[in-house]
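Participant: Submitted below is the structure of interest, expressed as structure tokens.
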Amino acid sequence: MTEHPCPHCGAPLPEGASFCPHCAKEVEERKPARKAIPLRRKILLVLLVLAVVAAGLIGWYASTRPEVFDGQGSIIYNDYQLVLAYSGSRATPQPERYQQSAPDEQYRFPSLLFINDAVTGADATEAFSQEVEGITAQMLEPTGGDLEITCSEPAPNDYDTEAMVMSFIDFTGSGTAQMVWTITMKNGDTIHLRQDIIVEPIPVHDYRYEDYPMETTEQLQALLEQIRSEVGEADIVNIYLPPVTYTGQLRLDRQGYNFYGCTDGEQRTTFTDTVQVVEGGWWICFFYDIDFLGDGDGIGVSASGNTRLTGCRLSGWDTAVLAYGAAWVNVIECDVRDNNIGFHFNSEGNSANHSLYNDNVFENNGTAVLLESVPTDLTLQFPGTVFRGNGTDIDNRCSQNLNTEETVFED
């Protein structure tokens, strides 16, 4: 057994002794007792650790989860500005689109989506397209009025090649609706872009030959000047003509008119000199049930403004109907015969308003239809139209798209 001296008296100590057998003093140093941690503090520490972990998880989830963005007319998304705008005005958002409508008429207009750089405003369509999964559009239920409105699925269109996609909106009646574009991104984000469509009824004005002087071309021209001072530029003007024969040229400008020829009795409303529709706006001049009878020379209806003839007779002209400038012109249910050229399309505009040339009779013309230049690539359709005894039925010099599947060609 190994002995050690007592630190107090120096006497030898046995191995492992806690007390000196000689002086009875404690010979091992006592270690202070460890202080116990209260249970409440332990719980708080655990909760703190859990809170830190949860905050980290929430931050990670928030940084990676898909987001939903919502804008009216335009919205900033990352480096991009998405804009619903008019053609040629990509930097000017249109949160509201105002249109006008006439009773029982059908209308169509485009809604365009542009993608701009959010900082410079430059076209960013190509870069944005790489991040897009899909684009859809829907029209919410209209409110107020009798509006019936739909929109087509968005798609690229030659109408405006700067727009990423375009949707056609078709409507009748008046009221308010909201169009909602939905852009789904490849990262899971969803962008809603909204546009309010507000359609107001167009005021309608009627002028009847029983109430206003219009027996001569001079009186009719004076009445048109009066009308322009009484109505709005976009108003509907219905003019009910008397059963007379007009001589001298008639000029129509700065206003759209609906001319209704008299069909009561044997005498129909007849013009024997050129009726000139002058370019001046988006409106259309309509002619219903009117005779345009020439003496073998000149032009029956000369139109550099949008024009539509329905149920009319055109005979005895060098050119019965001429479309030029930026005009779009239609002939429907018309009798076109004994002219050098029946219908001559030579317009270089960039818009179209009606594809049908149906139920006409082109007979004994040198050239029934001459297509020299036609705005847009819209397919012209001739269902029910008869070509008979013409030198040339259709001279399609501009290679316009035509649908003649239901057209009748006779020798």
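The values are calculated or read from the model by the stated rules, or taken from the named source; none is laboratory data. Given the structure is predicted, the values throughout are model-derived calculations rather than measurements. Cβ coordinates were reconstructed from backbone atoms using ideal geometry, including for glycine residues, and neighbour counts include every protein chain displayed. Calculation scope for accessible area: heavy atoms of the full protein, side chains included, ligands and nucleic acids excluded. Shrake-Rupley method; radii C 1.70, N 1.55, O 1.52, S 1.80 Å.
Participant: Share of antiparallel DSSP beta bridges in the chain, in percent to the nearest 5?
Facilitator: Antiparallel bridges make up about 35 percent of those DSSP assigns within the chain.
Participant: Moving to a separate point now. For labels at residue 68 and residue 184 in the simple 7 Å Cα→Cβ model, what's the distance in nm?
Facilitator: Placing both labels 7 Å beyond Cα along the Cβ direction yields 1.5 nm.
Participant: Just to be sure I understand the model, the point goes 7 Å from the Cα along the line to the Cβ. What's the resulting residue 50 to residue 126 distance in nm?
Facilitator: Label at residue 50, label at residue 126, 5.5 nm between them.
Participant: Still on this model: In a Debye calculation with equal point scatterers on the alpha-carbon sites of the stretch 313-358 and no solvent, what is log10 I(q)/I(0) at q = 0.15, 0.22 Å⁻¹?
Facilitator: -0.39, -0.78
Participant: If you don't mind, there's one more thing I want to ask. Bin all alpha-carbon pair distances of the stretch 193-291 at 5 Å intervals from 0 and give each bin's fraction as a whole percent.
Facilitator: Each 5 Å bin holds this share of Cα pairs: 3, 12, 22, 25, 17, 9, 4, 3, 2, 2, 1, 0.
Participant: Obtain the nm distance between the two label points defined at residue 23 and residue 104 by a simple spin-label model: each point lies 7 Å from its Cα along the Cα-to-C-beta direction.
Facilitator: Rounded to a tenth, the inter-label distance reads 13.0 nm.
Participant: Quick one: ranking 333, 348, 105 by accessible area, 1.4 Å probe, largest first, what do you get?
Facilitator: Putting 333, 348, 105 in descending order of accessible area: 348, 333, 105.
Participant: Given the Cα-Cα distance of residue 297 and residue 326 and 0.36 nm per residue of separation, how much length would full extension add, in nm?
Facilitator: 8.0 nm
Participant: Order 48, 380, 356, most accessible first, counting only protein heavy atoms with a 1.4 angstrom probe.
Facilitator: So, going from the largest accessible area down, we get 48, 356, 380.
Participant: Assuming 0.36 nm per residue, please report the length gained on full extension of the stretch residue 409 to residue 234 beyond their Cα-Cα distance.
Facilitator: 59.0 nm
Participant: By per-residue mean of other Cβ atoms within 10 Å, what is the highest-first order of 247-257, 298-308?
Facilitator: Top to bottom by mean Cβ count within 10 Å: 298-308, 247-257.
Participant: Mind checking the alpha-carbon convex hull of the stretch 255-393 and giving the volume per residue in Å³?
Facilitator: 96
Participant: What is the extension gain from residue 148 to residue 215, computed as 0.36 nm multiplied by their sequence separation minus the C-alpha to C-alpha distance, in nm to one decimal?
Facilitator: My answer for the length gained is 20.0 nm.
Participant: Using a 1.4 Å probe and counting only protein heavy atoms, arrange 8, 344, 205 so the residue with the most accessible area comes first.
Facilitator: The most accessible residue leads, giving 8, 205, 344.
Participant: Taking Cα atoms, how many degrees apart are the long axis of helix 217-230 and the longest axis of the chain, rounded to 10 and kept between 0 and 90?
Facilitator: 20
Participant: Can you tell me the accessible area per residue over the chain, all protein chains present, probe 1.4 angstrom, in square angstrom?
Facilitator: 53
Participant: Can I ask one more? Taking all protein chains in place and a 1.4 Å probe, what share, in percent, of the accessible surface of the chain do carbon and sulfur account for?
Facilitator: Heavy-atom surface of the chain belonging to carbon and sulfur, 1.4 Å probe: 49 percent.
Participant: Show me, bin by bin at 10 Å from 0, the whole-percent P(r) of the chain based on Cα pairs.
Facilitator: Reading upward from the zero bin: 4, 16, 19, 17, 12, 7, 4, 3, 3, 3, 3, 2, 2, 3, 2, 0.
Participant: Between 0 and 90 degrees, rounded to the nearest ten: what's the tilt of helix 39-64 against the longest Cα principal axis of the chain?
Facilitator: 30
Participant: As a test, work out the antiparallel percent of DSSP beta bridges whose residues both lie in the stretch 164-319, rounded to the nearest 5.
Facilitator: 25
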